[in-house]
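Remarks on the structure that follows.
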Amino acid sequence: MEITLIPRTGLRLKTPVLAASGTFGYGVEYARRNDIAGIGAIVSKGTTRFPRRGNEPLRLMETPAGMLNSIGLQNLGVEEVIQTLAPQWSQWGVPVFVNVSGTSIDEYVAVVSRIDGTPGIAGIELNISCPNVKDGGILFGSDPKSASLVTAAVRKTTGLPLMVKLSPNVAAIRPIASAVQSAGADAISLINTVYGMSIDTSRRAPMLQPVSGGLSGPAIKPLALYMVYEVAKEVSVPIVGIGGILSPQDALEFLMAGASAVAMATALLVDPGACHAVTMGIETWCRKNDVRSLDEVIGAANPAFRPSKKETGSTSAAGLG
Ligand code: SIN
């Protein structure tokens, strides 16, 4: 069930099911015991110029049908990623995108220029949507102009596949998607988490530090699906759908809304092997429904989808070819 995720560079994935940034770390623990090459692609934890400790606890909690996180971009920093992780990734036979975060355009550019040309790193996911940091993050993804400026600056810095991750916490998503496409994004991933909070009634205070976090999991799936549907009407670059995907059925909904691929996030905390299960479920569904190429499925429920510019090049949706 191979697809071409990035037509410009010809980057192909073995399956349209990715491990999203955040809940899969750097893939290292999973790779010790499992067939990591069976995942479409891996997106690393958000990476900044220098290591970050993240927010104080409490920064993760379950909610009905999901969870809240306020990790605050805890990460190892770009040098450690390049020196320790990229050499491992280069052995895995699976494309790894580094999710890049920053507090300024200069920081995004500095991280990406360090990454550029590093063996083992297949692409960049530009994180302009983190809701848990005071500076940067979602501030860049909140309006078309700033989203465009940071995307264009990074585009000038690297020829690597560039996917831009959008936030749902905006009044209008389509102008932002359009702006990042015009600024040179090769693909768009959405959605990041939705602002949320919880209150500890015994302390009469917010549960999370500092106050709010990002809601993820099945609770946000309908919102994510709608946003993918809307963005698919707007842009011609491939879309990676994210948000509460647990099952093959969920993934198929995103594909039919217009995503060329999907990424699993919160589900991986419950079942780290969920990407494989969803891939197999999509294959089974395709076989049962006599679907020979994912191109028959992508955008099938979205009349305004423009397939001519988003062909996946999938030739064996049911894994039969
Ligand atoms: C975090 O580290 O706070 C989450 C990252 C993100 O939402 O982009």
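Applying the Kirkwood pairwise sum to the alpha-carbon positions of the range 93-184 produces a hydrodynamic radius of 13.0 angstrom.
Averaging 1/r over each pair of different alpha-carbon atoms in the range 69-224 and inverting the result gives 16.4 Å, the Kirkwood hydrodynamic radius.
Please state the charge dipole magnitude for the range 134-288, taken about the Cα centre, from unit charges on C-beta atoms (+1 on K and R, -1 on D and E), reported in debye and rounded to the nearest 20.
Dipole of the range 134-288, to the nearest 20 debye: 220 debye.
Of the peptides 49-57, 170-178, the ranking by mean beta-carbon count within 10 Å, highest at the top, reads 170-178, 49-57. Label sites at Ser202 and Gln83, each approximated as a point 7 angstrom past Cα along Cα to Cβ, lie 4.4 nm apart.
Pairs of lysine residues in the chain that meet both criteria, 8 or more places apart or on different chains and Cα atoms under 16 Å apart, total 4.
Could you give the dipole magnitude of the chain about its Cα centre, charging the beta-carbon of Lys and Arg +1 and that of Asp and Glu -1, in debye to the nearest 20?
Dipole magnitude for the chain comes out near 280 debye.
Of all complete DSSP H helices in the chain, not one has a Cα span along the helix axis of 30 Å or greater and a mean Kyte-Doolittle hydropathy of 1.0 or more.
Taking the DSSP beta bridges with both ends in the chain, the antiparallel portion is around 40 percent.
Only alpha carbons enter this Debye calculation for the chain, each as an equal point scatterer, and the log10 of I(q)/I(0) it gives at q = 0.06 Å⁻¹ is -0.17. Considering only beta bridges that DSSP places wholly inside the range 167-321, some 45 percent are antiparallel. P(r) for the range 1-141, please, calculated from all Cα pair distances in 5 Å bins and given in %. Whole-percent P(r) values from 0 Å outward: 2, 10, 19, 22, 19, 16, 9, 3, 0. For the range 66-73, putting each phi into the Karplus relation 6.51 cos²θ - 1.76 cosθ + 1.60 with θ = phi - 60° gives couplings of x, 7, 10, 10, 9, 4, x, 6 Hz, in residue order, rounded to whole numbers and with x for Gly and Pro. At a threshold of 8 angstrom on Cα-Cα distance, excluding pairs fewer than six apart, so keeping six or more, what relative contact order does the range 90-165 reach in percent? Result for the range 90-165 is 36 percent.
Rolling a 1.4 angstrom probe over the chain with all protein chains present gives an accessible area of which 55% lies on carbon and sulfur atoms.
Rolling a 1.4 Å probe across the protein heavy atoms gives the chain an accessible surface of 40 Å² per residue.
Averaging sequence separations of C-alpha pairs under 8 Å and six or more residues apart, then dividing by the length of the chain, give the relative contact order as a whole percent. Once divided by the residue count of the chain, the mean separation gives 18 percent.
Remark: relative contact order (the range 243-303) = 48 percent; criterion is Cα-Cα distance under 8 angstrom and separation of 6 or more residues. Remark on the range 48-103: Rg and Dmax equal 14.4, 40 Å (Cα only).
The values are calculated or read from the model by the stated rules, or taken from the named source; none is laboratory data. Fair warning: this is a prediction, and the values are worked out from it, not measured in the lab. Every residue, glycine as well, gets a Cβ built from its backbone with ideal geometry; the counts of neighbours run over all protein chains shown. All accessible areas refer to the heavy atoms of the entire protein, side chains included, with ligands and DNA or RNA removed. Shrake-Rupley method; radii C 1.70, N 1.55, O 1.52, S 1.80 Å.
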